[in-house]
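The values are calculated or read from the model by the stated rules, or taken from the named source; none is laboratory data. In this text, all values refer to a predicted model and were calculated from it rather than measured experimentally. When we count neighbours, we look across all protein chains shown, and the Cβ atoms used for this are built from the backbone with ideal geometry, even at glycine.
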Ligand code: MV4
């Protein structure tokens, strides 16, 4: 099976560039779509062809399915890479591609649908023997049912929207008296945000680490995992720092969570690259949380420690090539960390769009910068505020931290505010350095953080 001759990229910014890199190295031509405000960007410059598909507003450009399908037809692209965000997890888009005989570089629509329905994903996992947090087996029908289950699994509980994402429609319920009220406010919020008020309930795990596993599956369902990432350092459900491997991981833990992730992928008939997100509690219990059916922002840290090019694998698999990776041959080297540098105030995280008057990225040993920024580029207000992913790779975690610190010091971005000073602070925090953190690390009272665990290397 030969590779595509041309791929259309339905995205912008650093991930569009990332896909261009993979295509060029594979000898595949690229076409890119762009909105009015993205005309003078690096992805448009570096793609072989570029087509303007509409105004800045995403709904009229990067989310405009007919415009993107037409762009693929005009440019004679055989496949579309959606990147992350925008149409990456839209099953209707996958079906629109199929209807026009265009290959979607990603999983089938059915996988995206099941992954996007969090209650369904939970149900599929539970019925296939993948551990889930105690909770509802199906969507909740009313507040009485929520109460019945909550009493059984005991408080605190967490109410989640089936269509959830970004914490919307999610409520932690500490005590019985609060449940009915919070059930209805969460449901209303979910309805407003997603047009879907379906809810489910789980036992609330107070101190969790967010550990996720990268998996890749070919079109025959041959599946490998590329190890785990710790994405616990987040703020308002936005990941800020990711690292691989998990600081307390060892081969035994990796084999265990990797096997669960592969089982989860198989339970969903998963295809292409994906991520299984897990909750890790203080007793090292592993529970399925969600599946992400796209290439993720943080995929580079896995590439750094495995040497696997995840985007190239996505393209090769989508073109019909069988899996060339063998689990036994996947080895893990050193430690990688990513800081997501945003055009935001480092104290308030309020977006700081504007023109970058000077942009000098760091370099040297162990540095990778995935960015579409440059001196003179104007950060638009219309899209997310990610301007660079600073990724480091060191021989061990300490080495990686030292590289990250000097890279953050060297990184020059002038004209806008960035979150670089925020990262410099975290990288000097004793709890971050010792690995004593969980998903609550950035909340005001850090006193509730878990102790340093000594049960692992
Ligand atoms: C949880 C949890 C604790 N227990 N589920 C799910 C979506 C993701 N963005 C956050 N999620 C969580 N699910 C159970 N059973 C904790 C989180 C969670 C969280 C919850 C409330 C406020 C902040 C949070 C930060 C990270 C994770």
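Tell me whether region 334-353 contains one or more residues that are modelled with pLDDT under 95 and away from the ligand (no atom under 16 Å from the Cβ).
Within region 334-353, the first condition is being modelled with pLDDT under 95, and the residues that meet it are 353.
Those left that are additionally away from the ligand (no atom under 16 Å from the Cβ): 353.
Yes, the conditions are met somewhere in region 334-353.
For region 280-294, the criterion of being under 13 Å from the mean Cα position of the chain (by Cα) and either assigned to a loop (DSSP other than H, G, I, E, B) or over 21 Å from residue 89 (Cβ atoms) (or both) is satisfied by at least one residue.
Taking the conditions exactly as written (assigned to a helix (DSSP H, G or I) and either crowded, with 18+ Cβ neighbours inside 10 Å or at positive phi (or both)), does residue 422 satisfy them or not? Talk me through it step by step, then tell me what you get.
Details: assigned to a helix (DSSP H, G or I): yes; either crowded, with 18+ Cβ neighbours inside 10 Å or at positive phi (or both): yes.
When the stated conditions are applied, residue 422 passes them.
Restricted to region 161-175, and to residues there that are part of a loop (DSSP other than H, G, I, E, B) and crowded, with 21+ Cβ neighbours inside 10 Å, the residue that is farthest from the ligand (Cβ to nearest atom) is 162. Here residue 328 clears all of (1) free of Cβ contacts under 8 Å to residues at least 40 places away in the same chain; (2) surrounded by fewer than 17 Cβ atoms within 10 Å (Cβ to Cβ); (3) within 21 Å of residue 22 (Cα to Cα) except the condition numbered (3). For region 100-138, the set of residues classified as farther than 25 Å from residue 57 by Cβ, away from the ligand (no atom under 16 Å from the Cβ) and not in a loop (DSSP other than H, G, I, E, B) consists of 103, 109, 110, 111, 113, 114, 124, 127, listed by residue number. If you go through region 298-354 and keep only what is within 29 Å of residue 250 (Cβ to Cβ), touching a helix residue (DSSP H, G or I) at 6+ places or on another chain (Cβ under 8 Å) and assigned to a loop (DSSP other than H, G, I, E, B), you end up with 308, 309, 323, 324, 325, 330, 331, 332, 333, 334.
This table checks each residue for (1) closer than 26 Å to residue 259 by Cβ; (2) part of a strand (DSSP E or B); (3) without any contact (Cβ under 8 Å) to a residue 40 or more places away in the chain; (4) within 12 Å of the ligand (Cβ to nearest atom).
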position: 177; (1), (2), (3), (4): no, no, yes, no
position: 180; (1), (2), (3), (4): no, no, yes, no
position: 183; (1), (2), (3), (4): no, no, no, no
position: 192; (1), (2), (3), (4): no, no, yes, no
position: 196; (1), (2), (3), (4): no, no, yes, no
position: 202; (1), (2), (3), (4): yes, yes, no, yes
position: 220; (1), (2), (3), (4): yes, no, no, no
position: 225; (1), (2), (3), (4): yes, yes, no, no
position: 232; (1), (2), (3), (4): yes, yes, no, yes
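Identify, please: which residue in region 358-378 is in contact with a helix residue (DSSP H, G or I) (Cβ under 7 Å, 6 or more places away or on another chain) and under 14 Å from residue 411 (Cα atoms) and is, among those, surrounded by the most Cβ atoms within 10 Å (Cβ to Cβ)? Applying the filter and picking the extreme gives 371. Looking only at region 144-160, residues that are closer than 30 Å to residue 90 by Cα and in a loop (DSSP other than H, G, I, E, B) come to 0 in all.
One line per residue, one yes/no per condition, for (1) assigned to a helix (DSSP H, G or I); (2) within 23 Å of the chain's Cα centre (by Cα); (3) at pLDDT below 95:
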| position | (1), (2), (3) |
| --- | --- |
| 388 | no, yes, no |
| 392 | no, yes, no |
| 400 | yes, yes, no |
| 428 | no, no, no |
| 432 | yes, yes, no |
| 437 | no, yes, no |
| 443 | no, yes, yes |
| 455 | no, no, yes |
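Going by the conditions given, is residue 149 at pLDDT 95 or above, surrounded by fewer than 23 Cβ atoms within 10 Å (Cβ to Cβ) and either within 26 Å of residue 267 (Cβ to Cβ) or away from the ligand (no atom under 15 Å from the Cβ) (or both)?
Values: at pLDDT 95 or above: yes; surrounded by fewer than 23 Cβ atoms within 10 Å (Cβ to Cβ): yes; either within 26 Å of residue 267 (Cβ to Cβ) or away from the ligand (no atom under 15 Å from the Cβ) (or both): yes.
Judged against the criteria, residue 149 is a match.
Annotation for region 360-372: at least one member residue is touching a residue at least 60 places away in the same chain (Cβ under 8 Å) and part of a loop (DSSP other than H, G, I, E, B).
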